[in-house]
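For reference, the structure is listed below as structure tokens.
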Amino acid sequence: MDAATTDETIQSNIRTASRPSELRITDLRVAEIIGAPFTSVLIKIYTNQGIVGFGEVRDGASATYALMLKSRLLGENPCDVDRLFRRIKQFGGHGRQGGGVSGIEIALWDLAGKAYGVPIYQMLGGKFRDRVRCYCDTDAERPSGTETGRRLKARMDMGFTFLKMDLGLMQIADIPGAVVAPAGSLEGYRVHPERGPAKTLEDRRARNAIYDTHNVRHPFSGLHFTDKGIDLLEQYIHEVREVIGYEVPLAIDHVGHISLQNGIRLARRIEKYVPAWLEDVIPWQYTEQYRQLQDATTVPICTGEDIYLKEGFEPLLKSGGVSVIHPDLLTSGGILETKKIGDMAQDHGVAMAIHMAESPIAAMAAAHVAVATENFMALEYHSVEVDWWDDIVTGLPKPLVNDGFIEMPDKPGLGIDDVVDDVIVQHLQPGVAGIWQATKQWDDEYSWDRTWS
Ligand SMILES: [Mg+2]
């Protein structure tokens, strides 16, 4: 070996963060973007040794959920992932409220991996597989199973081996005689609350009213499928299967605000089309109703993308109400918590799919858990049509999702070299002035937050 080669070998094995025990968090900043595929708040955690950790707040959630935690993290060693997670976990919640804690947990793992020079999956116990099977979600507005089937077939031609589609209320809501609904109630679901500043107090009241409509839980909506409605939904999935065949798994989502009883009627009717799972038929909080639903059908019942922490999943798993869980790492509590959730599900004979509708940062966080968890089934990929999705980061294979799989890189942390500011800045959320702006206003946020006395 000549001197130059020796030098190169030495250089390539030097950790730039060479003193992990002295690593300290110095700053936390965000970049708020839109369209990848929804809204994403990318997180950077900075350190005193030049390495930066990447995380992401859940799609559709506020950057505040992460920023409010900055003062609880400054000066800490990010390698103490579990200790810091336990400190901040009380500030997370179900749904989007889990996004701040979870996104930060991911950035801490990224830093720990970079500091010690190992991939995150290795710190979780190593790999069960080298690549991650992705399923691609396919939103469908128009009530044509044949058309949706063609779109799904195009995904199969791209290499995807696992599919998901919508099947439910809003596809048939405009067809006379398909849905029984209290007068006016369906109109509320057609409108979504606007983002951004409201002009007047009346505008705010109108927006809040829409929000309230969407927050009426399924058992209280008074909506029912008629037999005609159920026939139409069966016809839809029949047409889809006619196009895509039966060899490929097909999961079903977005059934709509219907009751347990309507969910059972639909599930039984579509059993012969062998869905991979039926997702979020009713709110996940109704453990006993989930048990009744699963007992009533052979279709695997699935939920979980809005559940925060392992203890949130435990009642459902104990009840036998689910056959597949579907956590989103950016809600569930991040990387280690989702690994624990997957292992707990495995003990109950339940598979784990992973929900993901965010940037490559969230995708890589999920992929590390996916390779390191035995009962993993498939990871959602929601950005087939986003042509700049891969360009958000450097250091990963392009495209990251190739032939329907993520090939797991063997690099420290998440495996991402950097984020690409030129790309990010072209997709800012409305009202956001810039990326990675100073967050000094959050440095001294303080409260005595012990939850017991
Ligand atoms: Mg879903």
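The values are calculated or read from the model by the stated rules, or taken from the named source; none is laboratory data. These numbers were taken from a predicted model, which means no experiment stands behind them. Neighbour counts are summed over all protein chains in view; Cβ atoms, including those assigned to glycine, are modelled from backbone coordinates with ideal geometry. Protein only, heavy atoms only, side chains kept; ligands, DNA and RNA dropped before computing areas. Shrake-Rupley method; radii C 1.70, N 1.55, O 1.52, S 1.80 Å.
Report those helices (runs of 4 or more DSSP H) wholly inside segment 138-191 carrying at least 3 residues which are at pLDDT below 90 and farther than 12 Å from His254 by Cβ.
Details: elements: 145-157, 169-172, 185-190.
Ranges flagged: 185-190.
Restricting to segment 260-278, and then to whatever is in contact (Cβ under 8 Å) with a residue 60 or more places away in the chain and within 25 Å of the chain's Cα centre (by Cα), can you tell me which residue is least open to solvent (accessible area, probe 1.4 Å)?
At the first step, the residues of segment 260-278 found to be in contact (Cβ under 8 Å) with a residue 60 or more places away in the chain are 266, 270, 276-277.
Next, only the ones that are within 25 Å of the chain's Cα centre (by Cα) stay: 276-277.
Details: Ala276: 20, Trp277: 0 Å².
Only one residue tops the list, namely Trp277.
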Is there a residue being farther than 28 Å from Val180 by Cα and modelled with pLDDT of 95 or more anywhere in segment 248-270? yes
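How many of the residues making up segment 239-265 are assigned to a helix (DSSP H, G or I), under 25 Å from His326 (Cα atoms) and away from the ligand (no atom under 16 Å from the Cβ)?
Number satisfying all stated conditions: 8.
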Selection count, segment 215-238, where residues are in a loop (DSSP other than H, G, I, E, B) and either open to solvent by less than 60 Å² (accessible area, probe 1.4 Å) or at pLDDT 95 or above (or both): 5
Residue check for Leu42: over 19 Å from His355 (Cα atoms), open to solvent by less than 10 Å² (accessible area, probe 1.4 Å) and either at pLDDT below 95 or not charged (D, E, K, R) (or both): no
Determine if segment 184-197 includes at least one residue that is in contact with a Pro (Cβ under 7 Å, 6 or more places away or on another chain) and either hydrophobic (A, V, I, L, M, F, W, C) or free of Cβ contacts under 8 Å to residues at least 60 places away in the same chain (or both). no
List every residue pair whose Cβ atoms sit under 7 Å apart, with the two residues 6 or more apart in sequence or on different chains, where the first one lies in segment 340-356 and is open to solvent by 50 Å² or more (accessible area, probe 1.4 Å) and the second, anywhere, is among the charged types (D, E, K, R) and more than 16 Å from the ligand (Cβ to nearest atom). Lys340/Lys310; Gln346/Glu374
By residue number, the members of segment 292-311 that are under 24 Å from the mean Cα position of the chain (by Cα) and open to solvent by 10 Å² or more (accessible area, probe 1.4 Å) are Gln294, Pro300, Glu305, Asp306, Tyr308, Leu309, Lys310, Glu311
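May I ask you to verify whether Thr297 is away from the ligand (no atom under 15 Å from the Cβ) and among the polar types (S, T, N, Q)?
On the way: away from the ligand (no atom under 15 Å from the Cβ): yes; among the polar types (S, T, N, Q): yes.
It is true that Thr297 is away from the ligand (no atom under 15 Å from the Cβ) and among the polar types (S, T, N, Q).
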Residue among His427, His382 that alone is within 16 Å of the ligand (Cβ to nearest atom), touching a residue at least 24 places away in the same chain (Cβ under 8 Å) and crowded, with 16+ Cβ neighbours inside 10 Å: His382
Within segment 318-338, the residues that are away from the ligand (no atom under 16 Å from the Cβ), under 25 Å from Val299 (Cα atoms) and open to solvent by 10 Å² or more (accessible area, probe 1.4 Å) are Lys318, Ser319, Gly320
